[in-house]
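The values are calculated or read from the model by the stated rules, or taken from the named source; none is laboratory data. Quick caveat: nothing in here was measured; it's all calculated off a predicted structure. Cβ atoms come from the backbone with ideal geometry, glycine included; neighbour counts cover every protein chain shown. Heavy atoms of the whole protein, side chains included, go into the accessibility calculation; ligands, DNA and RNA do not. Shrake-Rupley method; radii C 1.70, N 1.55, O 1.52, S 1.80 Å.
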Amino acid sequence: MATSTAKRRVKDNPRAVTTVLSVLGYVLVLGTFAGILPIYPELERATVDLLSHGIAVVNTAALTAIVLGWRWIRRGEVEKHRTAMLTAFSLILVFLVLYLTKLGGGGEKHIAASGLVYYAYLVMLAIHVVLSAVSVPVVVHAVVLGLTHTPSELRDTAHAKVGRIAAVAWGLSLALGIVTYVLLNHVYGVEEYVPVFLPILP
C-alpha cells in the first residue's frame, strides 16, 4: 500500500521529483569537484587509468542502448525501447559511481597535445561537459514519466518530446566523451595528472 501511494505521488508530481533528483545529482558532482565530500579513497595512477577504461566501456554500452532504444521506438517496439532506455539509465548510474570515485580519489588528466588538436579536444570536452549537465533533468524527467505511466498514458505526457531532447543531448555527450577518452588515453597520451578540487571560498 505504501509503495503504491509513493508511486502515485511520483506519478502526480513528475516535475517536482525530477527537480529533487536532479539537484541531488548536481550537489553530488559539485561537492566532489569542490572536495567537500571526503568519502573517496586516494587512488594510484594505475587505478585511475583502470577506472577511465571502465568508464569508456560503460559509456559505449550506454550509447549503444540509446541508439537501439531510439530505433525501436521509431518501429513501435515499446517494450524493447523501455528496456534499452532503462539499461542506458542504469549504465549512467554506474558511470556516475566510477567517475566520481576517479575524480574524488585521483584527479583529472591533461592531454599531451598542442596546437589545433589541443583546442579541438578542449572544445569537444567542453561540449561534452555542458551537455552532460543539461541532459540530467531531461533524462531524469523522461525516466520518471516512463516508470510511472503506462504506454497509453504516456501519450498524454511530455515523455516523447522530452525523450527526444534527452536522447540527442545524452547521446551526443556520450559520443564526445568516448572520442575525448580515445584521444587522451590512446592517441596523444597523458601529460600530467592534476587535482580538480576547487578552492572553498571563505
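Distances between placed amide hydrogens fall under 5 Å for residue 188 paired with no residue 5 or more residues away or on another chain. Between the labelled values (1) 45, 36, 32; (2) 53, 42, 26; (3) 71, 48, 31, the entry that holds Cα extents along the principal axes in Å as derived from this structure is (2). Computed with a 1.4 Å probe over protein heavy atoms only, the accessible surface of the range 31-155 comes to 54 Å² per residue. Phi-derived couplings, Karplus 6.51 cos²θ - 1.76 cosθ + 1.60 at θ = phi - 60°, listed residue by residue for the range 167-181: 5, 5, 5, 5, x, 5, 4, 4, 4, 5, x, 5, 5, 5, 4 Hz, with x used for Gly and Pro. Relative to the Cα centre, the charge distribution of the range 45-157, modelled as +1 at Lys and Arg Cβ and -1 at Asp and Glu Cβ, gives a dipole magnitude of about 180 debye. Amide H to amide H distances under 5 Å link residue 111 with 191, where only residues 5 or more positions off or on other chains count and H is placed in the peptide plane. Carbon and sulfur atoms: what percent of the 1.4 Å accessible area of the range 115-176 do they account for? About 76 percent, which is the carbon plus sulfur part of the accessible surface. Distance between the modelled labels on residue 42 and residue 27, one decimal in nanometres: 2.9 nm (7 Å Cα→Cβ projection). Using a probe radius of 1.4 angstrom, the carbon and sulfur fraction of the accessible surface of the range 1-72 is 68%.
The angle between the Cα long axis of helix 78-106 and the main principal axis of the chain comes to about 30°, on a 0 to 90 degree scale. What percent does the relative contact order of the chain come to when contacts are Cα pairs within less than 8 Å and at least six residues apart? Across the chain, relative contact order equals 33 percent. Close amide H contacts of residue 43 (hydrogens built in the peptide plane, cut-off under 5 Å, sequence separation of 5 or more or a different chain): 106.
Could you work out how far helix 115-148 tilts from the main Cα principal axis of the chain, as a 0 to 90 degree angle to the nearest 10? The two axes meet at around 30 degrees.
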